[in-house]
1. As I understand it, the dipole of region A:20-94 uses +1 on the Cβ of Lys and Arg and -1 on the Cβ of Asp and Glu, about the Cα centre. Which of A:Pro63, A:Ser23, A:Ile48 lies farthest toward its positive end?
2. If you count, for each residue, the other Cβ atoms within 10 Å and average over each peptide, how do B:115-125, B:333-343 line up from highest to lowest?
3. Could you work out, residue by residue across A:84-90, how many beta carbons of other chains sit within 10 Å of that residue's beta carbon, and then give the average as an integer?
4. Where does the longest stretch of chain A lie that holds no GluC sites (Glu not before Pro) found in a DSSP loop with 15 or fewer other Cβ atoms within 10 Å?
5. If you find the alpha carbon centre of region A:78-133 and of region B:40-106, how far apart are they in angstrom?
6. How much net charge surrounds B:Ile118 when only the other residues with a Cβ under 14 Å from the Cβ of B:Ile118 are counted, with Lys and Arg +1 and Asp and Glu -1?
7. Please compute the length gained on full extension between B:Ser407 and B:Glu288, using 0.36 nm multiplied by the number of residues separating them and subtracting their Cα-Cα distance.
8. Taking each residue of A:117-126 in turn, how many C-beta atoms of other protein chains fall within 10 Å of its C-beta, and what is the average?
Amino acid sequence: MGTTAHPQAVAQDPPESSAARPSRSLEICCAATALAATGALVLLAKGIEVRRETDGIDPRWWPELLGMIGLALAAAYLVVAVVRPPFPRTDLEAATRRGWPLLVATVSLTAAFVALWPLVGFAVAAPVFLSAMTYLVGGRGWRTLLIYPAVVTALVYLPFHTLLKVPL
Amino acid sequence: MNAIVEGLDALLDPTAALCLLAGLLVGTLVGALPGITGTMAVALASGFTLTLDPVSGLAVLLAIYVGANFGDRIPSILVNTPGTPASIATTFDGYPLAKQGKAGLALVISTLATTGGILVSMVVFVLAAQPIARFALEFGPAEMFSLVVFGLTVMVSVSSRSLLKGLLAGVAGLAIATIGRDPITGDKRFVFGIDDLNSGLPFIAVIIGLFGVAELFDQLLTYRPGNAKPISSLGRWWPKRTEYKQLARPFAVSSAIGTVVGALPAAGGDIAGLVGWDRAKRMSRKPEKFGEGSLEGLTAADTASGATLGGSLTTTMALGIPGDSVMAVMLGSMVIWGLQPGPSLFADSPDLIVTIAAIMIIATLLSLVVGLVRMRGMVRLLDLPPHYLWTGVLLFCTIGTYATTNSTYTVWVMLASGVVGLIMKRTGFPAGPVVLGLLLGPLAEANLRRALIIDGPSILVTQPVSAALLALAAIGLVTPLLARARKTRRTRSANAMDEPGRVRS
C-alpha cells in the first residue's frame with residue numbers, strides 16, 4: 001500500500017518544529033471558563049432533588065463542596081492569570097496553518113461516521129469514513145484510498161462481528 | 001501455596017497465552033511508533049478486552065505495558081524521537097551512540113537494561129506488595145479518603161506545571177464522577193433526564209478520549225512532515241566484558257531509583273529515566289561523556305524507566321491508587337471486570353496477584369528475546385506513513401469504545417472527551433488528575449461521608465495514618481511551590497550578578 005503523503009501537504013509547513021507561545025489572554029479565558037463551570041456546579045448541586053431531606057451530609061453536599069473548592073481555585077487562577085506572566089508552553093508544539101482546518105474536518109468526519117453507522121451499518125460507513133479520512137490526512141492513490149479502507153474494515157468486522165459477536 | 005499454583009495454572013490456558021503474545025506484539029509495535037504512547041495503547045485495548053475473562057484481559061494489557069517499554073527505545077535510539085515519554089532520557093545517549101555507528105550496541109544494552117530494571121522491580125512487587133496490602137486492609141473510611149487525597153495531590157504535583165490547573169483538573173474529575181446515582185442513597189445527580197447518565201459517564205470512553213483521541217487530534221494539529229531518517233548502519237551488537245562491568249553501578253542505582261519513583265502515584269518512566277540519568281551522571285567517573293554517547297547514561301536511563309513498572313504495579317495493586325497513567329487505565333478495566341485493586345484484592349484473589357506477577361515476568365523475558373533476535377525488522381516500522389497510523393488509531397479507538405457497551409452513545413462520549421482532552425492539552429490542564437478523580441471519586445465521596453457521619457471531621461486528623469497521609473498530601477502540594485520560589489529567587493540573584501548596574505540603580 002505504498003503511496004506517499006500528498007506533496008502539497010508536505011510543502012505547506014516548514015519541517016522544523018516550534019514551541020507554542022505563552023498567552024495571557026488564553027490563561028484569562030481558561031480561568032474565566034473554570035470560574036463559570038465551577039459556579040454552575042455549585043448552582044446545579046444546590047438544585048439536586050433528594051428523596052429524603054436530611055439537611056446535613058446528603059447527596060448535594062459533596063458536589064457542592066467540590067464546586068466551592070473549584071470556585072476558590074478558579075478565582076485564584078484568574079488572579080494569577082491577570083497579574084503574573086503566562087505559563088510557558090514549551091512542551092507543546094505550535095499548531096500549523098493547516099492544523100486547525102484538518103482537526104475540524106477530522107472531528108466532523110468522525111461525527112458523521114458515528115451518526116451514519118446506525119443508519120447504514122458499519123460495513124458501509126467504515127470504509128467510506130476511512131477513505132475520506134485517509135484522503136484528508138494526505139493519503140493518495142487507489143490502493144491507499146480503496147484497498148486500505150476495505151482491508152481494515154474487513155479486519156475489524158470479521159473478528160469483532162463474527163467471532164466476538166459485537167453487533168457492529 | 002495453592003494461590004501460587006492456581007495463579008500459574010491460569011496462564012497455562014491457551015487463550016491467556018495467546019493474549020499475552022498478542023499484547024506483547026501490539027505493545028512492541030506501538031512503542032516503536034512515535035506518537036502512540038503505552039497509555040494510549042492500553043486505553044485503546046481496554047475497550048476490546050472487556051469481553052475477555054480477567055486473566056486473558058490482564059495478559060493483553062500488561063503485555064502491552066511491558067512491550068511498549070521495550071519498543072519505545074528503538075525510535076529514541078535510531079531517530080532521536082522517543083517512542084513514548086518513558087524513553088525521553090534514552091535519546092540523550094542512545095542517539096549519539098547510533099550516530100557513532102553503535103546503534104546495534106545501544107539497542108542491545110537498552111534491551112538488557114530495561115529487562116534488568118523491570119525484573120528487579122518485580123522482585124520488589126513480589127516481596128512488598130502483600131505486606132503493604134495487609135497494612136492497608138486495616139484502613140477505615142478516614143484513611144481511605146486520605147489515601148485518595150494523597151494519590152490525587154501527588155498526581156497533581158507531578159503532572160502539571162501549574163498547581164492550580166492540576167488541582168482544577170482533579171476537582172473536574174471528582175465532579176464528573178458525581179454524575180449518576182449517589183453512592184450511598186442512590187439519588188439521581190446531574191442526569192438531566194438522560195437514562196444513559198444514570199450509571200455515570202462510561203469511564204473507558206472518557207479515558208480513550210482523553211488519552212488516545214486527544215493525542216491524535218494534537219498530532220493532526222501540529223503535524224510537520226519531518227525529514228529525520230532512521231540510522232541505517234547498526235554496527236556491532238554485543239557489549240564487551242569490560243563494558244558490562246562499567247554498567248553494573250548505574251544499573252544498580254537506577255533500579256532503586258526507578259522502583260521508588262514508580263511506586264509514587266502518577267510518577268512514571270519519563271520522570272524516572274531523567275532522574276536515573278542525572279544521578280548516574282553525578283556518580284560517574286566520566287560525567288563529561290553523558291549526552292555524548294555514554295553507555296552508562298543509556299543504561300541508567302533505561303534501567304530506571306523500566307524499573308518503574310514493578311513499583312507502579314505495587315502501588316496500584318496494594319493500595320488501589322494508580323502508580324502511573326497506564327495503571328489508571330488498567331484500574332478502570334479491572335473495575336469493569338468486577339475486580340477492585342487494593343488491599344482486598346490480596347485477600348479475595350491471591351491467585352490473581354500471582355498471575356499478574358507471572359504475566360509481567362514472562363512478558364519481560366519474551367520481550368528480551370524478541371528484542372535481541374529481531375530488532376532489525378522493527379526499524380522498518382519507522383517508515384510507516386502517518387495517514388495509515390492516524391486513520392487506523394481513530395477507527396480502533398471508535399471500535400474499542402463501542403465494544404464496551406455496544407452503543408454509539410459511548411462513542412459520542414469518547415469523541416467529546418477527545419475534544420475536551422485536546423483543549424486541556426493545549427491549555428496546560430493535565431488529563432491524569434481528571435481520570436484519577438473520575439475513577440476514585442465515588443470511593444473518596446463514600447468514605448468521607450461515612451467518616452463524617454460516624455465519627456465527625458476530627459477523625460481525619462486524629463487517626464495517625466489518615467493524618468500522615470493528609471500531611472504528605474499537603475507537603476506534596478507545597479514542595480513544588482517552594483521549589484519554584486527558590487528557583488525564581490536564584491534566577492533573580494543570577495540576573496542581578498550579571499547586571500550589577502541595574503542592582504545599584
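1. In region A:20-94, that residue is A:Ser23.
2. Working: B:115-125: 24.0, B:333-343: 19.0.
Output ranking for B:115-125, B:333-343: B:115-125, B:333-343.
3. On the way: counts 0, 0, 1, 7, 2, 4, 1.
The mean count of partner-chain Cβ atoms within 10 Å per residue comes to 2.
4. Details: sites that count: A:Glu16, A:Glu49, A:Glu53.
Result, exposed sites excluded: A:54-168.
5. What the calculation gives is 25 Å, centre to centre.
6. On the way: positive: B:Arg73; negative: B:Asp72, B:Asp302, B:Asp324.
Once all neighbours under 14 Å are counted, the net charge is -2.
7. Values: separation 119, 0.36 × 119 = 42.84 nm, distance 5.76 nm.
Extra length from B:Ser407 to B:Glu288 when fully extended: 37.1 nm.
8. Details: counts 4, 2, 0, 0, 0, 3, 0, 0, 0, 3.
Counting other chains' Cβ atoms within 10 Å and averaging over A:117-126 gives 1.
Throughout, read-outs are computed from the coordinates displayed, never taken from laboratory work. These numbers come from a predicted model, not from an experiment. Here the Cβ is made from the backbone with ideal geometry for all residues, glycine too, and neighbour counts use every protein chain on show.
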